[in-house]
Structures are given as C-alpha cells and as structure tokens.
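Inspection log for the structure reproduced underneath, given as structure tokens.
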Amino acid sequence: VHESNLRPVSTDVLVGVSGAEVRAQPERFEGRVLQWTVQLLAVRTSDGLRPEIPRGQRYILARGPLPEAGFVYVLLDDEHREEIERLSPLAQLVVLVRVKVGCDRYLCNPVVELIEMSVHER
C-alpha cells in the first residue's frame with residue numbers, strides 16, 4: 001500500500017502527536033488513534049516479559065515516532081503480520097495505530113495496535 005493511499009479510519013485520527021507527549025500523559029492518549037511514521041527494527045513474538053503484550057503476540061519493535069529516537073511496540077494482527085515480515089529492517093512505515101498503553105511498565109514505551117500501514121516513500 002502506498003502512503004498516498006493511506007486513509008484515516010475516522011476523523012478522530014490525531015496527527016503530529018509525539019511519543020514524548022504520549023509517554024508524558026499516557027491516560028490522555030489510551031484508546032486514541034494516531035498517525036505516526038516509524039522505523040521497523042524487528043518483528044518479535046512476546047515471551048510474556050512485558051505484561052502489556054500478551055504471550056505469543058507478534059509485534060514490531062520500532063523506532064519513533066520519527067524523528068524521535070524512542071521506541072514503540074506495535075501489535076500485529078494476522079492480516080498485517082505476513083506483509084510486515086516481508087519488509088526489510090529499517091523500512092519506514094506510516095501507520096495508523098490505536099494506543100493500548102501509553103507507557104509500558106518497565107521502559108515507558110507506548111504499546112499500540114496496528115490498524116493500517118503503508119511503506120513510507122522516501
């Protein structure tokens with residue numbers, strides 16, 4: 001899917017929200033839909049170490065939202081998992097995500113659920 005084809009799922013999509021804002025006020029953003037650009041670092045399966053990510057859940061470890069250097073965990077559903085796993089590490093993605101947890105227990109990284117994504121065209 002090209003970035004130009006990415007359409008918000010509703011008019012309630014927040015654009016321009018930083019990861020720092022989400023970490024500073026996690027309860028304000030939980031359940032909200034954000035548009036972020038992130039950099040794919042790895043696709044992993046949760047081992048239960050992070051209580052916010054169910055054991056066995058596939059997720060993306062991503063840097064961002066860009067240009068920030070922080071990290072975000074992006075939960076994958078079966079629909080997006082195969083597409084993500086075909087991408088090269090360091091690919092930039094434009095994602096629509098729903099904030100599940102604004103600040104995880106151990107590192108204060110956001111945990112978000114992927115709604116829609118496209119590869120960022122540089």
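The values are calculated or read from the model by the stated rules, or taken from the named source; none is laboratory data. All values reported here derive from a predicted model rather than from experimental measurement. Virtual Cβ from ideal backbone geometry, glycine too; neighbours counted across all protein chains shown. Surface accessibility is based on the protein's heavy atoms, side chains included, excluding ligands, DNA and RNA. Shrake-Rupley method; radii C 1.70, N 1.55, O 1.52, S 1.80 Å.
Could you work out the helix-only [θ] at 222 nm for the chain, with each DSSP H run of four or more residues adding -39,500 (n - 2.57) and the total divided by the number of residues, to the nearest 500 deg cm²/dmol?
On the way: 3 runs with 18 residues, N = 122.
Helix contribution divided over all residues of the chain: -3500 deg cm²/dmol.
Other residues with beta-carbon under 11 Å from the beta-carbon of S46 carry, at +1 per Lys or Arg and -1 per Asp or Glu, a net charge of +2.
Take E82: with every protein chain present and a 1.4 Å probe, its accessible area is about 100 Å². With q set to 0.12 Å⁻¹, the log10 of I(q)/I(0) for the chain, from the Debye formula over equal scatterers at the Cα positions, is -0.38.
With a 1.4 Å probe and every protein chain kept in, tell me what percent of the accessible surface of the chain is carbon plus sulfur.
Details: 3170 of 6570 Å².
Here it works out to 48 percent.
When each of the peptides 87-93, 35-41 is scored by how many other beta carbons lie within 10 Å of its residues on average, the order from highest to lowest is 35-41, 87-93. Taken per residue, the accessible surface of the chain reaches 54 Å², heavy atoms only and a 1.4 Å probe.
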